[in-house]
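Just so you know, all these numbers are worked out from the coordinates, no wet-lab data involved. Source: prediction; values computed, not measured. Here the Cβ positions follow ideal geometry from the backbone for every residue, glycine too, while neighbour counts run over all protein chains shown.
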Amino acid sequence: PDVTEETTIHGRGDSTHTATHPQPATVELLGAEVPTDPPRVLVAEDNAVNQQVIRMMLDRLGCVATLVENGALAVDALRAEPKGFDLVLLDLNMPVMSGPDAARRIRMLPEPVPPMVALTASVTPSDRQLCLDAGMSGFLTKPLQLSTLRDTLRGWLGDRIRSIPHLTGAADLRLEPPPRTDPSSDVV
């Protein structure tokens, strides 16, 4: 059975975030135990629909996602678990603390600092430069295609990112949020 670990991140004021992380499991292969180590990705994104979409994409790529609503909580998560994440995805514009501001603060944390990648709808060269100047290592634009996310994550995490052989068809390149079944419902 999988063992889980729960982490509580105390944010600014009264906000807290609790995440449950699966611990590495073991797989028996020809009589030897081989540890599996899914990549852990911290995602700072304030939009609930975008959070669901990025979680589905990361799950599909074999990653464990921890979601926070702003840059300040991302900084707090990395302080609470200095070696707990392999990569950080930061939205550019968030309340409380923006992605670039969070990246600057994360860069001041003790080493090792995981690679940080901007995740934004903004595509201007000045926003791209702002993210690079803040210490981010990459830049992804929304709407995000699963194949683009996979290729970017493989740049830092290599073969730990799950292959998805059927991604060659154009119909499966973009993961969209599920359609609403009840228009009066806030559930997506």
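Per-structure values
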| read-out | value |
| --- | --- |
| Angstrom value of the Kirkwood radius, inverse mean 1/r, which spans all Cα pairs in segment 68-140 | 11.9 |
| From phi via Karplus (6.51, -1.76, 1.60), per-residue ³J(HN,Hα) for segment 149-161 in Hz, x at Gly/Pro | 4, 4, 5, 5, 5, 5, x, 9, 10, x, 6, 6, 8 |
| Computed E for A80/V49 - FRET, C-beta separation, R0 25 angstrom, nearest 0.05 | 0.40 |
| Where labels lie 7 Å past Cα in the beta-carbon direction, separation of D133 and D159 in nm | 4.1 |
| For V64, distant residues with modelled amide H under 5 Å away | R40, V41 |
